[in-house]
Amino acid sequence: MTNSPDGLMPFFAMDILKRAKALEVQGRTVCHLEVGEPGAPPAPRVLEAVAWALPEPQGYTNAKGLNALREGLEGYYERQHGLQIDPELIVATMGSSAGFILAFHTAFQPGARIAITRPGYPAYVNTLLGLGFGVAEIPVSAGNGWRLTGAEIAVAHARQPFDGLLFASPANPTGASVSREQLADIVATCARLGVTLISDEIYHGLDYAGPSVSALELTRDAIIINSFSKYYCMTGWRIGWMVLPEAMIRRAEILQQNLFISAPTLSQIAASVALGERDYAEEQKARYAHNRHLLGQGLRELGFDLPRDGDGAFYAYAGIGQFSNDAMDFCLTMLDQAGVAATPGIDFDRTDGNGFVRFSYAGKSETVENALERMQDFLRAGG
Ligand SMILES: Cc1ncc(COP(=O)(O)O)c(C=O)c1O
C-alpha cells in the first residue's frame, strides 16, 4: 500500500472520491457517503458579506487573524462555554489542518512522539509522520463506544512514553464523544503524565445528546483546534482557529507568520459572519440527526455491525465482517457495482481497519435513502 520509508499512506477517502468522480464523468450516478463534507453551502448572510467584501483589495491580515474574527470567537466562547478567552490567544488558521502543523511545531521538538487513538482521523498519522514526529497509537474499541479513557492513556504511556496527545471529541470516524467527566479524566491524566493535550474540537456543535464540552472548560494548558469546515459548512473555505496557552502563543504566531503569513482574508470575513449564523447551522444539524437514525437503522438491517449510532459528527463506522475481510476491496466493488461510495476502515486504522467501512451522512437524506436501497440490491446479489 505504501513504499514510503516514513510510513506515509494515501488518504483513501480522497482516492475513492477520485474514482467516484471518474465514474460520474462516464455518466454513472454515485451516492457520495465517502467524504465528511456538509452538503449545504454556508449561511446566506456569509455569502452576502463576502460579495460585499470582494471588490476591496484583499491583502494579508495580521498573522493571528482579523480582530473582528478573533473578537467574534471571544464572544463564541462566552456564549457557548461561559468562558473568557483573550482574543490575543487565538490564531485564525487555514482550516484545522494548518492548526495541526502549527500545534506540533509550537509544542514539540522534532522527533517528539504524539499519541492518537486508533481508529482515528487519517491525517493525524500522516501529518505527524510527514513532519518527522513519532506516533503512538492507543486502540479504542466498539465495546466502550470507541471512547478514550484516562486509564488507556496511562497504560499506553507506561508501555511507550509520549509527549503529546491529539484527541477529538466527537471523533472521526466513529462519532464517539466523551462526557465532561470523561474529558476531565483525560485532561487530568495528561497533566499527571506531563503530556501536552491537543484537543481537536472540529465537530463541536455536532453532539446529538447535548452541548459539546471544550477542553478549555477544564484546563488552560491544552492547545485547542477548531474549524469552520463542519458545523458552519465551510470545508473549501479553509478557515479554522486555535486557542493556545499563554506560554505558547508567541511561538505559534511566529510560525504562522513564516509558514502561512495569515489565513485567507475573504474566508476570515466569511467566518466572522458565520459565527452569528448558528440558527442556520442548527438546521443543517437537524438534517444530520435525521440521517444518523436513517443510516444507522438501515445499516443494521442490512447486516452491518453497528451496535449503536455515534454520539456526534456525521459518521457511522460499521463492521463488515458478515460480507468481507478486505475493506478496500469491499468499497471498490460497492462503488463499481452499486454506485455507493464509502471509505474503507484502513484509512483510520492500519491494524484492524479491514473489518470496517465509514459512511458519512452529512449529505442529503435522499442520498442516504438511495444508498441504502442500492446496497440492499448489491448485498443480496452477493456483494
Ligand atoms: C477530526 C478531524 N480533524 C480535522 C479535519 C480537517 O478539517 P479542516 O477542513 O478544518 O482542515 C477533519 C476533516 O475531516 C477531521 O475529521
Does any residue in region 162-182 that is assigned by TED's automatic domain parsing to the domain that holds G99 come within less than 6 Å, Cβ to Cβ, of a residue that is within 11 Å of the ligand (Cβ to nearest atom) and of a type in the set (K, R) six or more places away or on a different chain, and which pairs are these? P173/R358
Qualifying residue in region 149-168 (condition: in contact with a strand residue (DSSP E or B) (Cβ under 8 Å, 6 or more places away or on another chain) and within 17 Å of Y231 (Cα to Cα)): yes
Only one of A271, A286, A247, A252 is closer than 20 Å to G36 by Cβ, part of a helix (DSSP H, G or I) and assigned by TED's automatic domain parsing to the domain that holds I90. Can you tell me which? A271
For A103, indicate whether it is more than 30 Å from G143 (Cβ to Cβ), within 16 Å of the ligand (Cβ to nearest atom) and in a strand (DSSP E or B). no
Residue satisfying all of: in region 132-146; of a type outside the set (G, A, S) and over 21 Å from G7 (Cβ atoms); nearest to the chain's Cα centre (by Cα) among these: W146
Tell me the helices (runs of 4 or more DSSP H) entirely within region 111-198 that contain at least 2 residues that are modelled with pLDDT of 95 or more and touching a Ser or Thr at 6+ places or on another chain (Cβ under 8 Å). 150-159, 180-193
Top-ranked residue in region 336-383 [being among the hydrophobic types (A, V, I, L, M, F, W, C) and assigned to a helix (DSSP H, G or I); ranked as surrounded by the fewest Cβ atoms within 10 Å (Cβ to Cβ)]: L379
For region 67-78, does any single residue satisfy the condition of being farther than 30 Å from H157 by Cα and within 14 Å of the ligand (Cβ to nearest atom)? no
Within region 89-100, the count of residues that are within 12 Å of the ligand (Cβ to nearest atom) and either assigned to a helix (DSSP H, G or I) or on the phi > 0 side of the Ramachandran plot (or both) comes to 6
Quick check, is G99 out of contact with any helix residue (DSSP H, G or I) (no Cβ under 7 Å at 6 or more places or on another chain) and surrounded by 24 or more Cβ atoms within 10 Å (Cβ to Cβ)? yes
Which residue pairs have Cβ atoms under 8 Å apart, sit 6 or more places apart or on different chains, and have a first residue in region 52-72 that is more than 30 Å from E246 (Cβ to Cβ) and a second that is surrounded by 12 or more Cβ atoms within 10 Å (Cβ to Cβ) and not β-branched (V, I, T)? A53/L266; L54/L266; Q58/L266
Is there a residue in region 304-312 that is more than 16 Å from the ligand (Cβ to nearest atom), in contact with a Leu (Cβ under 7 Å, 6 or more places away or on another chain) and in the same structural domain as E369 (by TED's automatic domain parsing)? yes
Check on A51, surrounded by 16 or more Cβ atoms within 10 Å (Cβ to Cβ) and of a type outside the set (F, W, Y): no
Only listed residue being away from the ligand (no atom under 15 Å from the Cβ) and among the aromatic types (F, W, Y), chosen from Y208, Y203: Y208
Please find, among G36, G27, the residue that is within 16 Å of the ligand (Cβ to nearest atom), within 24 Å of L335 (Cβ to Cβ) and in a loop (DSSP other than H, G, I, E, B). G36
Out of (1) under 22 Å from L73 (Cα atoms); (2) of a type outside the set (G, A, S); (3) in a loop (DSSP other than H, G, I, E, B), the one R308 does not meet is (1)
In contact (Cβ under 8 Å) with a residue 12 or more places away in the chain and away from the ligand (no atom under 16 Å from the Cβ): does that describe P139? yes
Does T333 satisfy the condition of being within 23 Å of P139 (Cβ to Cβ) and either out of contact with any helix residue (DSSP H, G or I) (no Cβ under 8 Å at 6 or more places or on another chain) or surrounded by fewer than 24 Cβ atoms within 10 Å (Cβ to Cβ) (or both)? no
Region 1-24, residues that are modelled with pLDDT under 90 and either of a type in the set (V, I, T) or part of a helix (DSSP H, G or I) (or both): T2, F12, A13, M14, D15
The lone exception for P264 - which of (1) within 14 Å of the ligand (Cβ to nearest atom); (2) in contact with a Gly (Cβ under 9 Å, 6 or more places away or on another chain) it fails: (2)
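The values are calculated or read from the model by the stated rules, or taken from the named source; none is laboratory data. In this text, all values refer to a predicted model and were calculated from it rather than measured experimentally. Positions of Cβ are generated from backbone atoms using ideal geometry, with glycine treated the same way; all protein chains shown enter the neighbour counts.
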